Amino acid sequence: MQNKQKHYSIAIDGPAGAGKSTIAKLVAKELRFIYVDTGAMYRAMGLLILKEGIDIGEEEAVGDFCEKAEVSLKYQEGRQQIYLNGENVTDSIRTEEAGKMASAVAKFKAVRAKMVDIQKKIADSNHIIMDGRDIGTVVLPFADLKIYLTAEVGVRAERRFKELTEKGIYCNIEEIEKDIIARDYQDMNREVSPLRQAEDAVLLDCSHLSIEEVAGSIIKLFREKLN
């Protein structure tokens, strides 16, 4: 009987705006892993609820609607693309509204159950690095390396402000900071799979570190795990 191939996994959790996706992409490129942006998957669900005008206060209705939705990941020229019901929504999900709605729908059991099932299946057949809010605690509890990536609220707000203004999107840094604080509270206090640091996760505060420095630290930690 042929032995099942070992697939390595790295889990990165942390609050909004900590730089998880940017850093995870760098690590994935260096290690030749598949990068899975779980936040983008929830943003797709948030976008769906916004488009359909569903009342976010109706948990059962939201859960039923999301359960029927199809969210998938594809890679084109090395870049992850997010598809919602067959439509490429990679760019559409990056609005502040989609981000807020993502945090709102992520607290519902039916939505999380669907997303976690998809994410686990991806991890079963690839060497992956996955980032989100509950990767090390729920999705990949046996990940080879777990990182809890964070940064000061003011630093996260400045990074988001710069990202949006560079895209020509008007924004207010004070409002961004308020939104980040609100999302942190919502993510950390939801009933289902709240954001928290896994007991065996390495805490990395990247407030005063470059992207390259953080990515290098994660790669070093992973290689040390293998030795």
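The values are calculated or read from the model by the stated rules, or taken from the named source; none is laboratory data. For clarity, every value in this text was computed on a predicted model and none was experimentally measured. Positions of Cβ are generated from backbone atoms using ideal geometry, with glycine treated the same way; all protein chains shown enter the neighbour counts.
Structure summary
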{"quantity": "Filtered residues of the range 63-96 (kept if aromatic (Phe, Trp, Tyr) and at pLDDT 85 or above)", "calculated": "83"}
{"quantity": "When residues of the range 30-58 are limited to those that are more than 17 Å from the chain's Cα centre (by Cα) and over 24 Å from residue 70 (Cβ atoms), the one surrounded by the most Cβ atoms within 10 Å (Cβ to Cβ)", "calculated": "31"}
{"quantity": "Residue 153, sole failed condition from (1) at pLDDT below 90; (2) more than 17 Å from residue 39 (Cβ to Cβ)", "calculated": "(1)"}
{"quantity": "Qualifying residue in the range 16-27 (condition: part of a loop (DSSP other than H, G, I, E, B), of a type outside the set (Lys, Arg) and touching a strand residue (DSSP E or B) at 6+ places or on another chain (Cβ under 6 Å))", "calculated": "yes"}
{"quantity": "Selected residue [closer than 14 Å to residue 44 by Cβ, crowded, with 19+ Cβ neighbours inside 10 Å, of a type outside the set (Asp, Glu) and in contact with an Asp or Glu (Cβ under 9 Å, 6 or more places away or on another chain)] from 105, 89, 111", "calculated": "111"}
{"quantity": "Qualifying residue in the range 177-189 (condition: of a type in the set (S, T, N, Q) and in contact with an Asp or Glu (Cβ under 7 Å, 6 or more places away or on another chain))", "calculated": "no"}
{"quantity": "Qualifying helices (runs of 4 or more DSSP H) (wholly inside the range 123-227; at least 2 residues being more than 18 Å from the chain's Cα centre (by Cα) and among the basic types (Lys, Arg))", "calculated": "211-226"}
